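Please read the structure below before turning to the comments.
The values are calculated or read from the model by the stated rules, or taken from the named source; none is laboratory data. Quick caveat: nothing in here was measured; it's all calculated off a predicted structure. Here the Cβ positions follow ideal geometry from the backbone for every residue, glycine too, while neighbour counts run over all protein chains shown. Accessible surface areas use protein heavy atoms only, side chains included; no ligands, DNA or RNA. Shrake-Rupley method; radii C 1.70, N 1.55, O 1.52, S 1.80 Å.
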Amino acid sequence: ILLAKGPQDTLNPDPMVGPPQEAAPPGAGVAHVLPSGPAFLMENTLLLILHLLHTAKKKIVFVTPYFIPDESLLKAMQCTSLRGVEVILLVSGATDHHLVLWSQRSFYGELLAAGIKIYEVTEKTLLL
C-alpha cells in the first residue's frame, strides 16, 4: 500500500496500491549472510546498510517487519533520497505489537518530506 508518492504528499488515509514488481529469475539473486548482534563489537548490519545507502546510484529498497531507525540510518536515508536516489521502505502495517507500529509511523513524516516512498503491507506476510 502506497502511503505517499513523494514530499508533496502527506500520509494518505485511503492508500493506493503500488505497481507490481517482476521477480528476478531463479538463480539471479544475490544473498549475503552477515553476522550481527550484541556479541559482536561492531554494528555490522548498520554499517553495511549505511554503506549501501551512501553508494546507491538509482534505487534502494528496504523490506522489514519492524522499522525503528537510529539517527544515523534516518539521516542516511534522507540524504540518499535528496541526492536523487529512489528510496523505498516496505514495512508491516499489521502487527501484534502496536507500540512498535506507532513508533515506526512516528518517523514517516521525516522520511516522506525527503521524498522516500513508504509502503505498508497489511497482511502479516512480513512477520514470517
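Residues in region 106-128 that are modelled with pLDDT under 95, assigned to a helix (DSSP H, G or I) and open to solvent by 40 Å² or more (accessible area, probe 1.4 Å): Lys124, Thr125, Leu127. When restricted to residues that are in contact with an Asp or Glu (Cβ under 6 Å, 6 or more places away or on another chain) and in a loop (DSSP other than H, G, I, E, B), region 32-64 contains 0. Screening region 65-81 for residues that are farther than 13 Å from Glu110 by Cβ and in a helix (DSSP H, G or I) and picking the one that is most open to solvent (accessible area, probe 1.4 Å) gives Ser72.
Just one of the numbered conditions (1) in contact (Cβ under 8 Å) with a residue 60 or more places away in the chain; (2) of a type in the set (A, V, I, L, M, F, W, C); (3) open to solvent by 10 Å² or more (accessible area, probe 1.4 Å) is not true of Val100: (1). Restricting attention to region 45-64 and to residues that are more than 19 Å from Glu120 (Cβ to Cβ), modelled with pLDDT of 90 or more and among the β-branched types (Val, Ile, Thr), the residue that is surrounded by the most Cβ atoms within 10 Å (Cβ to Cβ) turns out to be Ile49.
Yes/no per residue for (1) among the hydrophobic types (A, V, I, L, M, F, W, C); (2) touching a helix residue (DSSP H, G or I) at 6+ places or on another chain (Cβ under 9 Å); (3) under 22 Å from Tyr119 (Cβ atoms):
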| position | (1), (2), (3) |
| --- | --- |
| Pro35 | no, yes, no |
| Ala39 | yes, no, no |
| Leu48 | yes, no, no |
| His51 | no, no, no |
| Pro65 | no, yes, yes |
| Pro69 | no, yes, yes |
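Looking at the structure I just gave you, is Gly37 closer than 24 Å to Glu123 by Cβ and small (Gly, Ala, Ser)? No; evaluated as a whole, the condition is false for this residue.
Just checking, does region 82-94 include any residue being under 20 Å from Leu48 (Cβ atoms), open to solvent by 70 Å² or more (accessible area, probe 1.4 Å) and modelled with pLDDT of 85 or more? Taking every residue of region 82-94 in turn, at least one turns out to be under 20 Å from Leu48 (Cβ atoms), open to solvent by 70 Å² or more (accessible area, probe 1.4 Å) and modelled with pLDDT of 85 or more.
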